[in-house]
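*Asks:* Here you go, one structure.
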Amino acid sequence: MRISPAQPQDLAKLLTFREEAAAWLARLGSDQWQRPYPADKLLATIEAGTVFMLRDGHVTAGTITLTPDAEAGLWTRAELAEPSMFVNKLTVAREYAGQNLGGRLLDWAANRACHAGARWLRLDAWTTNEGLQRYYLAQGFTHIRTVREGHAVNGGPRVSGWLAQRAAEPADHGFTDHAPPPERLPEAA
């Protein structure tokens, strides 16, 4: 399997991935990702070069977004001063479930973050999705805290405020990596 940056023509596939994941999560009883993701916002992240596609031949097996930009209101000023990269929208096609592709994508992200000069690979997860939280803990993440204050776009409480991190370090993910080398992060102050 190979991993490479998403291209604008991948937008429809990524939106479909999100819908499929939302339906699967709903069947599990989770309200995660039930609002459609704005296509223009997703296209902007593709064009920024932060979305990556995992392909098995011509089939998209998974996707991950890896960015140096933290979501506003989650991390403290001191945490933001530490060089970090942030995982978003990790999704594996249901037909590839059970093959540890999500874990390997997280290893790839930790490896890439390390090469960018990050100390931490960080993420925020759905506050009520305890299964997902256990998954990230099993992947070597440490829970930092759960942020409940702040408000989502619809005026409700923050829904994705379970914060976790793991060291950004070299990892053997086993993918053929077609992504260009990451840009170096600024040194910590």
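The values are calculated or read from the model by the stated rules, or taken from the named source; none is laboratory data. Please read these numbers as outputs of a predicted model, since none were measured by experiment. Neighbour counts run over all protein chains shown; Cβ positions are idealised from the backbone, glycine included.
*Asks:* Working only within region 27-60, note down all residues that are at pLDDT 90 or above, in a helix (DSSP H, G or I) and surrounded by fewer than 15 Cβ atoms within 10 Å (Cβ to Cβ).
*Replies:* ALA44, GLU47
*Asks:* When the residues of region 61-97 are narrowed to those that are crowded, with 20+ Cβ neighbours inside 10 Å and not aliphatic (A, V, I, L, M), which ends up farthest from LEU14 (Cα to Cα)?
*Replies:* TRP75
*Asks:* For region 72-112, enumerate the residues that are outside any helix (DSSP H, G or I) and without any contact (Cβ under 8 Å) to a residue 60 or more places away in the chain.
*Replies:* Pass one, region 72-112, residues outside any helix (DSSP H, G or I): 72-76, 82-93, 97-100.
Selection gives ALA72, THR76, PHE86, VAL87, ASN88, LEU90, VAL92, ALA97, GLY98, GLN99, ASN100.
A quick yes/no check of all residues on (1) modelled with pLDDT under 95; (2) in contact with a Cys (Cβ under 6 Å, 6 or more places away or on another chain); (3) over 28 Å from VAL59 (Cα atoms):
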position: LEU105; (1), (2), (3): no, no, no
position: ALA113; (1), (2), (3): no, no, no
position: ARG119; (1), (2), (3): no, no, yes
position: GLU130; (1), (2), (3): yes, no, yes
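*Asks:* Something else: Go through (1) among the β-branched types (Val, Ile, Thr); (2) farther than 13 Å from ARG112 by Cα; (3) touching a helix residue (DSSP H, G or I) at 6+ places or on another chain (Cβ under 9 Å) one by one and return the number of the condition THR76 breaks.
*Replies:* Among (1) among the β-branched types (Val, Ile, Thr); (2) farther than 13 Å from ARG112 by Cα; (3) touching a helix residue (DSSP H, G or I) at 6+ places or on another chain (Cβ under 9 Å), the lone unmet condition for THR76 is (3).
*Asks:* To continue, here is another question. Would you please name the residue that is surrounded by the fewest Cβ atoms within 10 Å (Cβ to Cβ), looking only at residues in region 1-21 that are under 13 Å from ALA179 (Cβ atoms) and of a type outside the set (A, V, I, L, M)?
*Replies:* Residue satisfying both the conditions and the ranking: GLN7.
*Asks:* Does any residue of region 82-97 turn out to be of a type outside the set (A, V, I, L, M, F, W, C), farther than 20 Å from HIS173 by Cβ and modelled with pLDDT of 95 or more?
*Replies:* Yes, that holds for at least one residue.
*Asks:* If you don't mind, another one. Could we say that ASP69 is of a type in the set (Asp, Glu), at pLDDT 90 or above and under 17 Å from LEU163 (Cα atoms) here?
*Replies:* Judged against the criteria, ASP69 is a match.
*Asks:* Let me ask something additional. Could you check, for region 143-151, whether at least one of its residues is modelled with pLDDT of 95 or more and either assigned to a loop (DSSP other than H, G, I, E, B) or not basic (Lys, Arg) (or both)? Talk me through it step by step, then tell me what you get.
*Replies:* We begin by selecting, within region 143-151, every residue modelled with pLDDT of 95 or more; these are 143-144.
Adding the requirement that they be either assigned to a loop (DSSP other than H, G, I, E, B) or not basic (Lys, Arg) (or both) leaves 143-144.
For region 143-151, residues modelled with pLDDT of 95 or more and either assigned to a loop (DSSP other than H, G, I, E, B) or not basic (Lys, Arg) (or both): present.
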